[in-house]
Amino acid sequence: MTASEIGFLGLALIVGAGTWFKAMEAREHANAAVAATCRRAGLQLLDGTVALGGLRITRDSQGGLVLERTYNFDYSADGYARKQGFVILRRGYVHSMGLAPEDNPGSGQL
């Protein structure tokens, strides 16, 4: 193996490790935000974690390109009915979060 091949391999490993670290850091931030939101709303976070639902490049409010991660999570208000929410992170910070709409008892739906 030549010196340039070893250098390229080392650079690829460093970039890969940095990307993985940033992904884990973003996931932990999403977990903390979701857990705090569920606690405040009196909801139970099911499975105890978020799952990556999507990854895309988008534009921020200043027009710059940013990586946007969407995480999904399951929660319950009564410990029985499972509902799904989402949290969107941009630059590692919560951009938006959503919960499933509340059931309307008068709608006649089961």
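Worth pointing out:
- Here ALA51, ALA41 are screened, and the one residue that is of a type outside the set (Ser, Thr, Tyr) and more than 15 Å from the chain's Cα centre (by Cα) is ALA41.
- A single member of GLY53, GLY48 is under 29 Å from TRP20 (Cα atoms), out of contact with any strand residue (DSSP E or B) (no Cβ under 8 Å at 6 or more places or on another chain) and not hydroxyl-bearing (Ser, Thr, Tyr), and it is GLY48.
- Of all residues in segment 38-52, none are of a type in the set (Ser, Thr, Tyr) and closer than 16 Å to SER96 by Cα.
- Within segment 1-16, the presence of a residue that is surrounded by 10 or more Cβ atoms within 10 Å (Cβ to Cβ) and either at positive phi or among the polar types (S, T, N, Q) (or both) is excluded.
- All of (1) surrounded by 10 or more Cβ atoms within 10 Å (Cβ to Cβ); (2) without any contact (Cβ under 8 Å) to a residue 60 or more places away in the chain; (3) part of a helix (DSSP H, G or I) hold for LYS22 with one exception: (2).
- Residue check for ALA35: touching a Lys or Arg at 6+ places or on another chain (Cβ under 6 Å), surrounded by 13 or more Cβ atoms within 10 Å (Cβ to Cβ), of a type outside the set (Val, Ile, Thr) and in a helix (DSSP H, G or I): no
- Of all the listed residues (GLY54, GLY48), the sole one being touching a Ser or Thr at 6+ places or on another chain (Cβ under 9 Å), under 15 Å from VAL87 (Cα atoms) and of a type in the set (Gly, Ala, Ser) is GLY54.
- Selection from segment 5-45 of residues that are within 15 Å of LEU89 (Cα to Cα) and among the charged types (D, E, K, R): LYS22, GLU25, ARG27, GLU28
Any read-out appearing in this document is the output of simple, stated calculations on the displayed coordinates, not a laboratory observation. Every value quoted in this text rests on a predicted model; they were computed, and no experiment measured them. As a convention, Cβ positions derive from the backbone with ideal geometry for all residues, glycine included, and neighbour counts pool all protein chains shown.
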